[in-house]
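*Asks:* Quick one: structure below, then a few questions.
Bear in mind these aren't lab numbers, they're just calculated from the coordinates by the rules spelled out. This structure is a prediction, so every number in the text was calculated from the model and none was measured. Cβ placement follows ideal geometry from the backbone for every residue including glycine, while neighbour counts extend to all protein chains displayed.
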Amino acid sequence: MKSRCNIFAMTVLATGLSYAPAHAQNGPDDTEKFSYSYIEAAYLRRDGGLNTQLIDGGLPSDISEGSGNGFAIRGSFEVDEGVYFFGAFERETSDYDISASTGVDLLTGDFGVKYVSGRLGIGYYSQMSDNIDLFYQVGMSYSEFSAGTGSVTQLSDGTSMPIDLSDESQGGFSGNAEVGARARLAPRLELEGSVFWQGVQRVVQEDADSLKLADDFGAKIGARFNINTVFSIGAEYHRSKLDRFLFVARARF
């Protein structure tokens, strides 16, 4: 399933990029509509997340907030005036610090978590002026995560002990929704802001010895520079229970 998602995402990206160069011009003007037909790729970085305690093998282990890196492929296609379909695929790998105490000695180490997410849905936009659009979209989401094995090292003598969280995995379907606005400050500069909700988005503690997926609610803000009428680059900041930064390259069609 994961390999098929990866192949599909890369195929769509390659098709969009191969189409784009023949249609590139110098740049948009102030009266040009915002495009809702595009394909884009992004590098993402996440800070925050788990900050809790789990019991593995009877040993309480403190998990500190970690960081993650990954990529996203997103697309949108306008099917009628004011109506578009959207989709997204994200893959992320996170590293977390872990520590435990035996009552006599302190153990420290780390472990990893892999996260995959996909979204599909429909969106609507309203043109408030030549330079401002409001948009709202809803859809379905699928997310899954799998924790891995790690190890902790006993500080007194350097002995390594395994921390096995490989049975901590979960996947599920849910919904997503987003409401926001796009604004053109100059012919080549756009700003975008929104609030969002996704039903299965982040990994949290379920009970003393297990993890689960939970919903996430937050806000996004981003800026985009239009290189020409087809290609643009931008950056986004997502603020919620997770802090996420994305650097994005987009091709319109």
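*Asks:* Put a dot 7 Å past each Cα toward the Cβ at residue 245 and residue 127; how far apart are the dots in nm?
*Replies:* With each label point 7 Å from Cα toward Cβ, the separation is 3.6 nm.
*Asks:* Shifting gears a bit: What ranking of 185, 242, 134 emerges when the number of other C-beta atoms within 10 Å of each C-beta is taken as an exposure proxy, fewest first?
*Replies:* Values: 185 10, 242 17, 134 14.
Fewest-to-most Cβ neighbours within 10 Å comes out as 185, 134, 242.
*Asks:* Just subtract the alpha-carbon distance of residue 212 and residue 157 from 0.36 nm times their residue separation and send over the number in nm, one decimal. Don't skip to the answer; put the middle values down first.
*Replies:* On the way: separation 55, 0.36 × 55 = 19.80 nm, distance 3.45 nm.
The span from residue 212 to residue 157 would gain 16.4 nm if fully extended.
*Asks:* Continuing with this model, one more query. When the chain is fully extended, how far beyond the present Cα-Cα distance does residue 81 get from residue 97, taking 0.36 nm per residue of separation? Can you show the working numbers first?
*Replies:* Working: separation 16, 0.36 × 16 = 5.76 nm, distance 4.92 nm.
That pair, residue 81 and residue 97, stretches by 0.8 nm at full extension.
*Asks:* According to a simple spin-label model (label point 7 Å from Cα along Cα-to-Cβ), what is the distance in nm between residue 32 and residue 120?
*Replies:* Calculated label separation equals 3.1 nm.
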